[in-house]
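Down below is the structure, laid out as structure tokens.
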Amino acid sequence: MKQVGRELPRLEVRAKVTGRADYVHNLRLPSMLYGKIARATVPHGRVRNIDLSAAKKVAGVHRVVTGDDIRKVIPEPYYGPAFHDQPILALDKVHHVGEPVAVVLARDPAVAERAAQTIAVDYDELPAVYDEVAAMQPDVVVHDMLKPAGTFADLKHLKGRTGTNVALDYHLRRGDIDAAMARAAHVIEHTFKTQQCLHVPFEPFVAVAEPGDDTLTIHTSNQTPSFVRTEIARLFGWPENRVRVKVPFLGGGFGAKVYVKLEALVAALAMLTRRPVKIALTMEEQFYMITKHPTTFRIKSGVDADGKVIARSCEVFWNGGAYADIGPRVTQKSGFTAPGPYDIDNISIDSYALYTNRPPAGALRGFGIPQLVWAYESHTDLLARALGTDPVAFRRKNILREGRPQASGTAMRDAAIAEVLDTIAARLDWDKPFDRGAGTIRRGRGVAVGFKASISPTTSVAIVNVGADGSTTLYTSTVDMGQGSDTAFAQIVAEVLDLDAGAVRIVHPDTDVTPYDMGTLGSRSLFHMGNAVRLAAEDARTKLRALAAEAGLPEGTNYPPAEIFKKRYGMQAGNVVGTASFVPTYKSPDAQTGLSDNVTPFWMIGGAGVEVEVDTETGAVRVTRLVNAADCGKPINPAVARTQLSGAAIMQLGFTLSEDMRLDGGQVTNASLADYKIPGIRDIPPMQNELVEAEQHSGPFGAKGLGESGTFGVSPAIANAIDDAVGVRITSLPITAEAVLRALRARDGKPLKDE
Amino acid sequence: MSTRTINFTLNGQPVSTDIEPHRNLVELLQRFDLFGARESCGQGLCGCCTVLVDDKAVSGCLYFGVWVDGKSVTTVESLDAEGALSIVQQAFIDCGAFQCGFCTPGFVLMVHQLLKEHPNPNDDDILHYLSGNLCRCAAYPEIIEAVKVAARR
């Protein structure tokens, strides 16, 4: 293979280093209005009155819009991928601080912002609930009635339900959990928690809507252009072909920019005013748009006398905040991997998506998996320690091997779990003596491995156009937000058609032009769209051969396309269009048992090994070494794949050690990069990034998705290493120096006073 | 709102414009269709809006536009004005030192500043100069490598 496996620089390198890459951020249109959002100041309340009088008097204000105005163009203005629970602007109730209540439109964004600050809203405040376990009780009910979107069969039974915050409950039963726990030699239980975090794409959310005669064009920084078209058309009651969604490059996405975010709002405003409307959020506003689920995970294992885990029960509570977004999918699609990559015959899983009065939570690089791995790999390490077994040996004894069924009943295929674990152990020299430090600086090391199913079943469609001069263009609705999909697809097209990948041009998502794709999320693109791209290129190749036959060229000869076209049409004319779609097979989990023998078309495997130094006087933790490993199948572009692994791990390092949205009365008290600390260049430990080459037989040229795998193991590996160093166990993220110091002092019988 | 007339040099060309005193440098540059300096955090913490004013890096989101009156402003768009990429830009490409590319112009300009003042930077110099630029895709290891490659060239 000449093109697949090449370490080709990204296609768009020049545009990005010169600052000329196209982002929605840059877009300005004639007569465009800028919108600024006035937001809820209370976490839960009925809207009594909205006073717009001062805002309307500000010079330069074009119009002030509330939820009632939105109803003039969209009578039922509720959206969401799983539940139609989110109003475009608040109607009767607000459900979290920061919820959009009104919008000021002006030619000058500074005018709009000043006017928006004058909007005064009176609320009848209601009690609020913030904790996911507390939300299991209906003492405070966030939504008066549940409104599932109807697209997901397993949510239909929730329609019209009242008096509950449970947006989805998923249950799995395998084997006989009670009997196995009863006969286990050891039964050990722990509870782990994760905090609310943020994606922090550096290009904050931005969207522009541009009305046409009977059409609407939306330019947006969004990972799911096809979904946006469908959802906006549904809101207006239009056919999809009246809505056009265009997406250039994204300044980061990480799962934030999936489904509808600002698009419904700018669309409604553009239809109300018949003018182009742009809304660009500030960094502070991003903290109220979409976040990562806080979780509580109760995990209990029964282990036999030989150190084999024979039973595991998992109760996971997902704090979805005020709107469901894709949380119910996280609860189910990630829920069934909650027992971890271990071969356990008796399993129970209960996974709950909960509404609370926090800012909404959705997908963030891992779709819930990092929260699960945090718990099951911390717990697994504790089991090994309780039994006096080496943590790596304990994992090897219990790990899911090729062909064995996972909790759901789906067999592991092309899943190099043991190889990833072995690679990490080898790079850490696990079997060799380790310097444990001395005095107040103690050293430890830890490992963790995790796995993830792909969201399924989902569809991708691709078009490959070969022009009359032989130059080739690929049309897909996959969004390149930095992960390198444009480049990988160009390599796949070039491999099939025997071209130079650098010469393949990629047309970015434009739903009038590029075909359907479910979305750029969940590490699905390289597998799903990659397969569609390969098939589309093969279709083009078949059609070129047919054209050569029509032109009377002898079969089996290898004429360049330009010559085939010239021979067939007598000049540089014509073109060949190859198309293909790809959708994997899938079987829904059984409604009673939660089991299915086909839950995913491929498995992602990732893990980490770390060495840490813990300062016992301050609790400060320094990661002195980080080894990341992932099964990426056969990489299409190893250089880009390694940077995905590295970037994901560093992001998770932030979620492990520093990032934490702090709330006070529902208000985020650290909604800025000054107080919400993401990793900077001084925070990067010495790292090794290992691509464990396996083969995904159903993937394009053996490849599989990778964008999230680097996140899986980082958090528990660090907690395991801290335990190894100083013998204390941190069970809540983030692992701050204060948390470690508190644990050390508690261990020594000298606990610090509470805050 | 009243405006002020300012005259300054923009990427080597003398220019003049009327601007309201509350506009920041990023907004000023957008009037000249220059979008390489980008406002992200809005607090001078991320470095996406880095611009050189009289050859010194500033955060364009915190720097009022009127302050450039009489000064020389250099943006990322000047680096390949002759058609060829700068050594730093090429090193960023060769090392794969970015993913989404949103923060990249800020890093590129800051590395230019670093190498101008420290042609052979050590690791401390690199970390010191680049600690005011953040990259959420976390291409930091590749960026450090790119600085070293650029310095060697």
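Testing A:V466 on (1) at positive phi; (2) in a strand (DSSP E or B), one condition comes back false. Which one is that?
Among (1) at positive phi; (2) in a strand (DSSP E or B), A:V466 violates only (1).
Please name all residue pairs, on different chains or six or more residues apart, with Cβ atoms under 7 Å, provided the first residue is in segment A:715-739 and is crowded, with 23+ Cβ neighbours inside 10 Å and the second residue is aromatic (F, W, Y).
Close Cβ pairs satisfying both conditions: A:S715/A:W374; A:S715/A:F655; A:P716/A:W374; A:L733/A:W374; A:L733/A:F655.
Applying the selection to segment A:650-659, what residues are at the interface with chain B (Cβ under 9 Å from one of its Cβ atoms) and closer than 16 Å to A:G253 by Cα?
Once the filter is applied, which keeps residues that are at the interface with chain B (Cβ under 9 Å from one of its Cβ atoms) and closer than 16 Å to A:G253 by Cα, segment A:650-659 yields A:I650, A:M651.
Scanning segment A:36-71 for residues that are under 37 Å from the mean Cα position of the chain (by Cα) and of a type in the set (D, E), which turns out surrounded by the fewest Cβ atoms within 10 Å (Cβ to Cβ)?
Ranking the candidates gives A:D68 first.
Within segment B:77-84, is even one residue within 25 Å of A:A641 (Cβ to Cβ), at the interface with chain A (Cβ under 9 Å from one of its Cβ atoms) and either of a type in the set (F, W, Y) or in contact (Cβ under 8 Å) with a residue 24 or more places away in the chain (or both)? Walk me through how you get there before you give the answer.
Taking segment B:77-84 first, the residues within 25 Å of A:A641 (Cβ to Cβ) are none.
Scanning segment B:77-84 turns up no residue that is within 25 Å of A:A641 (Cβ to Cβ), at the interface with chain A (Cβ under 9 Å from one of its Cβ atoms) and either of a type in the set (F, W, Y) or in contact (Cβ under 8 Å) with a residue 24 or more places away in the chain (or both).
Pick from segment A:681-693 the residues that are more than 27 Å from B:G44 (Cβ to Cβ) and either crowded, with 20+ Cβ neighbours inside 10 Å or modelled with pLDDT of 95 or more (or both): which of them is farthest from the other protein chains (Cβ to nearest Cβ)? Lay out the reasoning, then the answer.
Going through segment A:681-693, the residues more than 27 Å from B:G44 (Cβ to Cβ) turn out to be A:686-693.
Of the ones still in play, those that are also either crowded, with 20+ Cβ neighbours inside 10 Å or modelled with pLDDT of 95 or more (or both) are A:686-692.
Details: A:P686: 9, A:M687: 6, A:Q688: 10, A:N689: 9, A:E690: 14, A:L691: 14, A:V692: 19 Å.
Only one residue fits best here, namely A:V692.
Starting from residues that are within 9 Å of chain A (Cβ to nearest Cβ) and of a type in the set (S, T, N, Q), keep the ones in segment B:35-55 and report whichever is surrounded by the most Cβ atoms within 10 Å (Cβ to Cβ).
Result: B:S40.
Rundown of residues vs (1) more than 26 Å from A:V58 (Cα to Cα); (2) surrounded by fewer than 21 Cβ atoms within 10 Å (Cβ to Cβ), yes/no style:
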site	(1), (2)
B:E27	no, yes
B:D33	yes, yes
B:A57	yes, yes
B:G60	yes, no
B:T75	yes, no
B:A97	yes, no
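Filter segment A:20-42 down to the residues that are in a strand (DSSP E or B) and either of a type in the set (D, E, K, R) or more than 14 Å from chain B (Cβ to nearest Cβ) (or both) and list them by number.
A:L33, A:G35, A:K36, A:I37, A:A38, A:R39 - these are the residues of segment A:20-42 that are in a strand (DSSP E or B) and either of a type in the set (D, E, K, R) or more than 14 Å from chain B (Cβ to nearest Cβ) (or both).
Test A:R442 against the criterion of being more than 30 Å from A:D597 (Cβ to Cβ) and surrounded by fewer than 22 Cβ atoms within 10 Å (Cβ to Cβ), and give yes or no. Quick ask: steps written out before the conclusion?
Details: more than 30 Å from A:D597 (Cβ to Cβ): yes; surrounded by fewer than 22 Cβ atoms within 10 Å (Cβ to Cβ): yes.
So A:R442 fits the description; yes.
Being away from every other protein chain (no Cβ under 14 Å), touching a residue at least 24 places away in the same chain (Cβ under 8 Å) and within 30 Å of A:A703 (Cα to Cα) is the requirement here; does A:Q3 meet it?
On the way: away from every other protein chain (no Cβ under 14 Å): yes; touching a residue at least 24 places away in the same chain (Cβ under 8 Å): yes; within 30 Å of A:A703 (Cα to Cα): yes.
Answer is yes for this residue.
Criterion first (β-branched (V, I, T) and touching a Pro at 6+ places or on another chain (Cβ under 8 Å)) does A:I310 satisfy it?
Numbers: β-branched (V, I, T): yes; touching a Pro at 6+ places or on another chain (Cβ under 8 Å): no.
Answer is no for this residue.
Does at least one position in segment A:198-215 carry a residue that is crowded, with 23+ Cβ neighbours inside 10 Å, touching a Lys or Arg at 6+ places or on another chain (Cβ under 7 Å) and away from chain B (no Cβ under 14 Å)?
yes
What tally of residues in segment B:1-39 results from selecting those that are among the polar types (S, T, N, Q) and within 17 Å of the chain's Cα centre (by Cα)?
Final tally of qualifying residues: 4.
Can you pull out the residues in segment A:72-86 that are touching a Pro at 6+ places or on another chain (Cβ under 6 Å) and crowded, with 24+ Cβ neighbours inside 10 Å?
The answer is A:A82, A:F83.
Within segment A:264-287, is there a residue that is free of Cβ contacts under 8 Å to residues at least 12 places away in the same chain and either surrounded by fewer than 23 Cβ atoms within 10 Å (Cβ to Cβ) or more than 16 Å from the chain's Cα centre (by Cα) (or both)?
no
Would you please name the residue that is nearest to the other protein chains (Cβ to nearest Cβ), looking only at residues in segment A:665-680 that are exposed (fewer than 15 other Cβ atoms within 10 Å of the Cβ) and at negative phi?
Result: A:A674.
Taking B:L62 as the residue in question, decide whether it is of a type in the set (A, V, I, L, M) and either assigned to a helix (DSSP H, G or I) or within 28 Å of A:D480 (Cα to Cα) (or both). Steps first, answer last, please.
Numbers: of a type in the set (A, V, I, L, M): yes; either assigned to a helix (DSSP H, G or I) or within 28 Å of A:D480 (Cα to Cα) (or both): no.
Criteria not met by B:L62.
Could you say whether any residue in segment A:281-297 is polar (S, T, N, Q), away from chain B (no Cβ under 14 Å), in contact with a His (Cβ under 7 Å, 6 or more places away or on another chain) and more than 25 Å from A:I605 (Cβ to Cβ)?
The answer is no; no qualifying residue exists.
Name the one entry in A:H186, A:H190 that is outside the structural domain of A:P734 (by TED's automatic domain parsing), within 28 Å of the chain's Cα centre (by Cα), modelled with pLDDT of 95 or more and not polar (S, T, N, Q).
Working: A:H186 fails: within 28 Å of the chain's Cα centre (by Cα).
A:H190 is the lone residue from the list that is outside the structural domain of A:P734 (by TED's automatic domain parsing), within 28 Å of the chain's Cα centre (by Cα), modelled with pLDDT of 95 or more and not polar (S, T, N, Q).
Among the residues of segment A:612-653, which ones are in a strand (DSSP E or B) and either surrounded by 24 or more Cβ atoms within 10 Å (Cβ to Cβ) or modelled with pLDDT under 95 (or both)?
Those that are in a strand (DSSP E or B) and either surrounded by 24 or more Cβ atoms within 10 Å (Cβ to Cβ) or modelled with pLDDT under 95 (or both): A:V612, A:V614, A:V621, A:L626, A:V627, A:N628, A:A629, A:A630, A:D631, A:G633.
The values are calculated or read from the model by the stated rules, or taken from the named source; none is laboratory data. It should be emphasised that the depicted structure is a prediction, and the values quoted were computed from it without experimental measurement. Using ideal geometry, Cβ is built from the backbone for each residue, glycine included, and neighbour counts are taken over all protein chains shown.
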